[in-house]
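Shown next, in structure tokens, is the structure this report addresses.
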Amino acid sequence: MALDPISQPIKLSRTLPVGLLRGTVIFPGNTVPIASGRPRSKAALDVAWATNRLIVFVTQKNERIEDPSERDLYQVGTVCLIKRILKVDGEYQIHVEGLVRVFIKEFTQAEPYFEAEIEEIPELFEKNEETEALSRTVKDQIRRFMELGGGPLLDPASLSNWPFISQNDDPNMLVNSICQMIDFKTIDKQQILEMISAVDRLRRVSELLAKEIRINEISQKISSHTQERVSRMTKEAILREQMRSIEEELGESGENQEVREFELKIRKANMPKEVKVKASKELSRLSKMSSYNPEAGYIRNYLEWLTDLPWKMNKKLNLDMGKAEQILDEDHYGLKKVKERVLEYLAVYKLAGKLNGPILCFVGPPGTGKTSIGKSIARALGRKFVKVSLGGIRDEAEVRGHRRTYVGAMPGRIIQSIKQAGSPNPVFMLDEIDKIGADYRGDPSAALLEALDPEQNHAFSDHYLEVPYDLSNVMFITTANMLDTIPPALRDRLEVIPYPGYTHEEKFHIAKKFLIPKILESHGLKMAHIDFEDPAIYQIIEGYTREAGVRGLERELSAIVRKIARKIAEGEKQKNIKVTADEVKKFLGPVKFMPQLAEIEDMVGASTGLAVMESIGGDVLFIEVTLMPGKGQIQITGHLGDVMKESAHAAMSYVRTNWAILGLPERFFHKFDIHVHVPEGAVPKDGPSAGIALTTAIVSAFTGIPVRKDVAMTGEVTLRGRVLEIGGLKEKVLAAHRAGVKHVIAPEFNRKDLEDIPQYVLGDLEFHFVKHMDEVLKVALVHPPQPGKIRRIPLTPMPALA
């Protein structure tokens, strides 16, 4: 329905119904269309229409609230005259004209519609130069804003108001018209509606217009650049097509030139027949494709891989065994057994002309020369050396490559490295093979089975190449720190060559012969500048490193050389600077590692075991056992692994089973709690080889018989007391020798390992090889237990350890 305009002046009532607005603000002097569908707003409109057609429109603070309360409404709104109401499908379509701004003093009613007591805000302004200047600025800004197109904020229906705006001298009406015409943010509009000062209102509108003008200018600039780029690309495409037509007429097509280049590469690549057929087929597809076809780039990349790969060996095998041995000796000190096995491997290769045997796998602690010996083998063979680190790889595609259907697909690391080497028969080292992972993307170790199997790798299948590649001429070498994590199927294809940790003597010679010259050269010094005395090197090895390899030793030597290099660079022109054992502390500070020494007296419940740590090699373990009144519970501490904890339980079961032989009361165990501790709790320890040391300490604690201070032992024990073979005897014996031990107890089955131990160590130690725990106790204890003698179990406190 519609009504004629009111002819009489409008008088504001003290209270008026309130309509609710969301996302917009109405300013005086503007006619605005509104759609209203909420019950309270429609009720307010009905009441206003039935009386004087006046209603106060107030904006919500949060437009997402469907049924707002008084706190959700702003305190300033606009009294509007309802000019027209159309009711369509339960919704009111209305046209209202803003009359005056009002302040809502309080809401007098909330149901069924809002009603409020209001106070008019007068539209006052002072005519002065500042007001005039701001009005002109705003008019210029709105003119510039419209020249730029106005953007999405400009209401096209309001453009008809522009003549009125440009000629309006009332600053308040100017502000009201602009704010209604341009869709500023609701909060900015409400802020301007609430301002009293005309100057403040003009200044705020000017700021908002300046911001929108900058945004529109940047947007127009971006649009212009985009249009220029599109125009340039279109022009280039047209010119390129014209050039192509001209070249075809002249018989000089660039695409034909590319096809001819690939044909020449395919002929020169010496590919196998089936690979050549595949390459020719792909080249035929490329020649029929438009240069704009995205697949052309994929085929081009594929052909480049096929033609760049080395398919045929260019030179025959030329292996001098004497030279190979010389190179291995030049590059590495010690490692006698490792060198012998490598030379045997090379000898078979020289006679057979191919590698049919298993793949070599160097296993040992970090820093023992596993990777560097691979480089020496490549130098001895005159081949390229390639190394791929497998640590942390979890995706099978890293080994076999991605299929060409994927964007950005590439061959796997094996094929990539072959291409990088430029040779089909490099020495290929797969480093850290024990650290391969597996997840939902596949198992990379399974993908390696084909590459490392001599029966299959003559036709290795890479997902990207889609043709077999011959890896039978590649000499694969793998390295690992431990064998436990290598899958059995992969381990079955490897010939394991263990790398023992270096002795102090070997580290000394490595430092003198290899490390010091290398470090001096890398620091720009010569041998004439620094002279490391032998005691100083031993001091660094024993007091500042604790490792199986020599990386830590190299770091400490480098630290000393850097300090001396600084002195030389600062003007102290010295030569032949001697580094003595006393000066090592000045350069490196206090000693970092105290030597593990044997006990200074025979003790009850304390034995000396021997172990091999992954990172530091051989070491001694001091095992302590103490008793306390209790109910037969056993407590095990010292950061022990599951296997070592099981060894402690097995040792306890052996003692309980043989109570009579050991001279203990029948039910001795039920009256005491036992605590087994291995010091250095921050260092993880595991393995079964401490079994006899744990058993000896427990027997000593229950019988009160001291353990000999000069005896160290290693060996696994069974519930029946049998002593089983262990590994790493060389490292353990060297640790015992460093600790000052005189007697070593080891399993009888390890007697064969004595040949690996240096003679100077064998001369200082007495070995006792045993098969049963009875033999261990006879040697380890001050005197053996007396069978059948029932005695009272001692509860004396343990003396302090040295």
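Some observations on this one:
- Spatially, the range 359-384 and the range 655-722 are offset by 42 Å when compared through their Cα centroids.
- For the chain, carbon and sulfur atoms together expose 51% of the accessible surface, with a 1.4 angstrom probe and every protein chain in place.
- Treating each Cα of the chain as an identical point scatterer and summing with the Debye formula, the log10 of I(q)/I(0) at q = 0.08, 0.11 Å⁻¹ comes to -0.85, -1.20.
- Residues with amide H under 5 Å from that of MET613, placed H, sequence gap 5 or more: GLY618, ASP619
- Within the range 396-437, the trypsin sites (Lys or Arg not before Pro) that combine a DSSP coil assignment with at most 15 other C-beta atoms in a 10 angstrom radius are ARG403.
- Qualifying GluC sites (Glu not before Pro) in the range 358-465, where qualification requires a DSSP coil assignment and no more than 13 other C-beta atoms within 10 Å, comprise GLU455.
- The alpha-carbon of LYS185 sits under 17 angstrom from the alpha-carbons of these aspartates and glutamates, leaving out residues fewer than 8 places away in its chain: GLU63, ASP155, GLU194, GLU207, GLU212.
- Listed pairs LYS350/LYS526; LYS42/LYS189; LYS513/LYS732 exceeding 32 Å between Cα atoms: LYS350/LYS526
- The range 387-401-the range 263-312 distance, computed between alpha-carbon centres (Å): 26
- Axis angle, to the nearest 10 degrees, between helix 273-287 and the longest C-alpha principal axis of the chain: 10 degrees.
- Residues in the chain average 51 Å² of solvent-accessible surface per residue, probe 1.4 Å, ligands and nucleic acids excluded.
- Each Lys and Arg contributes +1 and each Asp and Glu -1, all at the Cβ; summed about the Cα centre of the range 516-671, the dipole is approximately 560 debye.
- The long axis of helix 294-308 is offset from the longest Cα principal axis of the chain by roughly 20 degrees.
- Mean separation of Cα contacts under 8 Å (6+ apart) over length of the chain, as relative contact order %: 7
- Under 5 Å between amide hydrogens, built in the peptide plane, is the criterion, and for THR485 it picks out nothing among residues at least 5 positions away or on other chains.
- Distances between placed amide hydrogens fall under 5 Å for VAL579 paired with ASP531, PHE532, GLU533, all partners being 5 or more residues away or on another chain.
The values are calculated or read from the model by the stated rules, or taken from the named source; none is laboratory data. Just so it is clear, the structure is predicted and the values come from calculations on it, not from any experiment. Note that each Cβ is placed from the backbone with ideal geometry, even for glycine, and that neighbours are counted across all protein chains shown. Please note that ligands, DNA and RNA were not included when accessible areas were found on the heavy atoms of the full protein model with its side chains. Shrake-Rupley method; radii C 1.70, N 1.55, O 1.52, S 1.80 Å.
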